[in-house]
Amino acid sequence: MGLLERAGRVLMSVNNKRVFYVKYLANPIYIDILKARPDVRLDRIENESPEDFYAPIVSAAHVYQIGAARDELAPHFHVDAAFLKRTPNLLLVSSNGAGFDPVDVEACTDAGVLVVNQSGGNAHSVAEHALAMMLTLSKRIIQSDRRLRRERDVNRNDLVGNEVEHKTVGIIGLGNVGRRIAALCNGLLGMKVLAYDPYLTAEVMAERGGEKVELDELLRRADFVSISCPLNKGSRNMISVREFALMQPHAYFITTARGFIHDEDALLQALRDKRIAGAGLDVWSKEPPPPEHPLLQFDNVLASPHTAGVTTEARQNMGRIAAEQVLDTLDGKRPPRIINPEVWPRYAERFKQAFGVMPG
């Protein structure tokens, strides 16, 4: 028997690859795809599961398919250094979405664990949501709806809105979501697109439909400021008191990215002082926000509970690409959406120890 044949038998032996998740998957298609593989065992854990139930599962697991939102998981199922000590066989942490808030990527890298996400899988849905927020706010649809429900004899002249054609949108982060927002705003609505993204050249940003500018210039010129960058050390609290003060009084702030990129207290003060015209918020520091949240008391704030990417089509696509990426990784291939590529050499050695072959 040749080496490749023996390796193939090792990789395809029944249930020798262990995957688990806690309560949530993007879509049931994930289960269907993994069930078609006899060499893969998939375990489900609940947030309330007792330790004597979940401890053996996480200890034996090679893959943790994890929820993208931190508030979906009990704290002891967040991936940090303490959790990784309990998962000696873990090779891969795979997020259900583009975000990976419950994952300490640095701790995973230190432990030789690969982290992947499903970036791009729900990008069109998120871009549509951002555009819907812009239109709803600009046309004052939310105020019109609320007044019709609360008042008699509403005067439509009190609800004059604005067209978005020929207006300027400033997009912070011109990646999978941002580039789609740019395409919709420019191609569909005839808007001018400014973009701030320190990781992209002016040429690449022009190809994606945006004019590269610095953040301060974007804030000063834009009629709509849309956040679509990831949350990291560089973007945390990137939009705070100073930045809101730079925006035009008629401008709207839109975010479908992650909480903590903008300072909620600073936004609250900007709205109270009428420094900006309003806001569309899909992400929060605590999700979902309580009904008494101060930002929910403004009629010029359009709110959603982190549902920009939650559509039937996006969820199915996310479940499919997540399952395919996990199986490709377990089959020894290099996954396409790696968050910590610097871990690959150490990860590869650990993979070889687990399955007898080098990935790549």
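The values are calculated or read from the model by the stated rules, or taken from the named source; none is laboratory data. Predicted model only: the values in this text are computed from it and were never measured. All Cβ positions, glycine included, derive from the backbone under ideal geometry; neighbour counts span all protein chains shown.
Report whether or not residue 79 is outside the structural domain of residue 189 (by TED's automatic domain parsing), crowded, with 23+ Cβ neighbours inside 10 Å, closer than 21 Å to residue 229 by Cα and aliphatic (A, V, I, L, M). Steps first, please.
Values: outside the structural domain of residue 189 (by TED's automatic domain parsing): yes; crowded, with 23+ Cβ neighbours inside 10 Å: yes; closer than 21 Å to residue 229 by Cα: no; aliphatic (A, V, I, L, M): yes.
So residue 79 does not fit the description; no.
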Q) When you go through 190, 161 one by one, which is the residue that is over 28 Å from residue 236 (Cβ atoms), outside any helix (DSSP H, G or I), in contact with a helix residue (DSSP H, G or I) (Cβ under 8 Å, 6 or more places away or on another chain) and at pLDDT 95 or above? A) 161
(Q) Cβ contacts < 9 Å: first residue not assigned by TED's automatic domain parsing to the domain that holds residue 114 and among the hydrophobic types (A, V, I, L, M, F, W, C), restricted to region 46-74; second residue surrounded by fewer than 17 Cβ atoms within 10 Å (Cβ to Cβ) and at pLDDT 95 or above, any location; separation 6+ or different chain. Result? (A) none
Q.
When the residues of region 207-217 are narrowed to those that are in a helix (DSSP H, G or I) and within 29 Å of residue 245 (Cβ to Cβ), which ends up nearest to the chain's Cα centre (by Cα)?
A. 215
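Please go through region 294-323 and give me each residue that is surrounded by 18 or more Cβ atoms within 10 Å (Cβ to Cβ) and β-branched (Val, Ile, Thr), ordered by number. Before the answer, list the steps.
Narrowing region 294-323 to residues surrounded by 18 or more Cβ atoms within 10 Å (Cβ to Cβ): 301-302, 306, 308-310, 314-315, 317-323.
Those that are surrounded by 18 or more Cβ atoms within 10 Å (Cβ to Cβ) and β-branched (Val, Ile, Thr): 301, 310, 321.
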Q: Look at residue 177 and say whether it is buried (at least 20 other Cβ atoms within 10 Å of the Cβ), outside any loop (DSSP other than H, G, I, E, B) and not acidic (Asp, Glu).
A: yes
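For every residue, the table says whether it meets (1) touching a residue at least 60 places away in the same chain (Cβ under 8 Å); (2) within 25 Å of residue 309 (Cα to Cα); (3) of a type in the set (Gly, Ala, Ser); (4) outside the structural domain of residue 214 (by TED's automatic domain parsing).
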residue	(1), (2), (3), (4)
144	no, no, yes, no
147	no, no, no, no
152	no, no, no, no
156	no, no, no, no
159	no, no, no, no
169	no, yes, no, no
184	no, yes, no, no
195	no, yes, yes, no
(Q) Can you tell me how many residues within region 187-201 are within 19 Å of residue 280 (Cβ to Cβ), surrounded by fewer than 20 Cβ atoms within 10 Å (Cβ to Cβ) and within 25 Å of the chain's Cα centre (by Cα)? (A) 1
Q: Identify, by number, the condition in (1) surrounded by fewer than 20 Cβ atoms within 10 Å (Cβ to Cβ); (2) in a strand (DSSP E or B); (3) β-branched (Val, Ile, Thr) that residue 204 doesn't meet.
A: (2)
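Could you look through region 140-164, keep only residues that are of a type in the set (A, V, I, L, M, F, W, C) and out of contact with any strand residue (DSSP E or B) (no Cβ under 8 Å at 6 or more places or on another chain), and pick out the one that is nearest to residue 188 (Cα to Cα)? Working first, answer last.
Our first condition is that a residue be of a type in the set (A, V, I, L, M, F, W, C); within region 140-164, this holds for 141-142, 148, 154, 159-160, 164.
Checking the rest, the ones that are also out of contact with any strand residue (DSSP E or B) (no Cβ under 8 Å at 6 or more places or on another chain) come to 141, 148, 154, 159-160.
Details: 141: 20, 148: 30, 154: 32, 159: 25, 160: 23 Å.
Residue satisfying both the conditions and the ranking: 141.
Do you know which of the residues in region 218-242 that are modelled with pLDDT of 95 or more, in a loop (DSSP other than H, G, I, E, B) and touching a Phe, Trp or Tyr at 6+ places or on another chain (Cβ under 8 Å) is surrounded by the most Cβ atoms within 10 Å (Cβ to Cβ)? Walk me through how you get there before you give the answer.
First, the residues of region 218-242 that are modelled with pLDDT of 95 or more: 218-229, 235-242.
With the extra rule that they be in a loop (DSSP other than H, G, I, E, B), the set shrinks to 222-223, 228-229, 235-238, 240.
Going one step further and asking which of them are touching a Phe, Trp or Tyr at 6+ places or on another chain (Cβ under 8 Å), we end up with 223, 236-237.
Working: 223: 21, 236: 13, 237: 12.
By that ranking, first place goes to 223.
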Q) Taking region 149-174 only, how many residues are surrounded by fewer than 19 Cβ atoms within 10 Å (Cβ to Cβ), among the charged types (D, E, K, R) and under 29 Å from residue 208 (Cβ atoms)? A) 2
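Being in contact with a helix residue (DSSP H, G or I) (Cβ under 8 Å, 6 or more places away or on another chain), at pLDDT 95 or above and over 12 Å from residue 264 (Cα atoms) is the filter here; which residues of region 291-308 pass it? Give the derivation first.
Pass one, region 291-308, residues in contact with a helix residue (DSSP H, G or I) (Cβ under 8 Å, 6 or more places away or on another chain): 294-295, 298-304, 307-308.
Checking the rest, the ones that are also at pLDDT 95 or above come to 294-295, 298, 300-304, 307-308.
Once the filter is applied, which keeps residues that are in contact with a helix residue (DSSP H, G or I) (Cβ under 8 Å, 6 or more places away or on another chain), at pLDDT 95 or above and over 12 Å from residue 264 (Cα atoms), region 291-308 yields 298, 300, 301, 302, 303, 304, 307, 308.
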(Q) Looking at residue 134 and the list (1) over 20 Å from residue 160 (Cβ atoms); (2) crowded, with 19+ Cβ neighbours inside 10 Å; (3) not β-branched (Val, Ile, Thr), which single condition is not satisfied? (A) (1)
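Looking at 37, 70, 9, which one is basic (Lys, Arg) and modelled with pLDDT of 95 or more?
On the way: 70 fails: modelled with pLDDT of 95 or more; 9 fails: modelled with pLDDT of 95 or more.
Being basic (Lys, Arg) and modelled with pLDDT of 95 or more holds for just one of 37, 70, 9, which is 37.
What helices (runs of 4 or more DSSP H), lying completely within region 243-360, carry at least 2 residues that are farther than 30 Å from residue 88 by Cα?
Numbers: elements: 264-272, 312-330, 344-355.
Those helices (runs of 4 or more DSSP H) span 264-272, 312-330.
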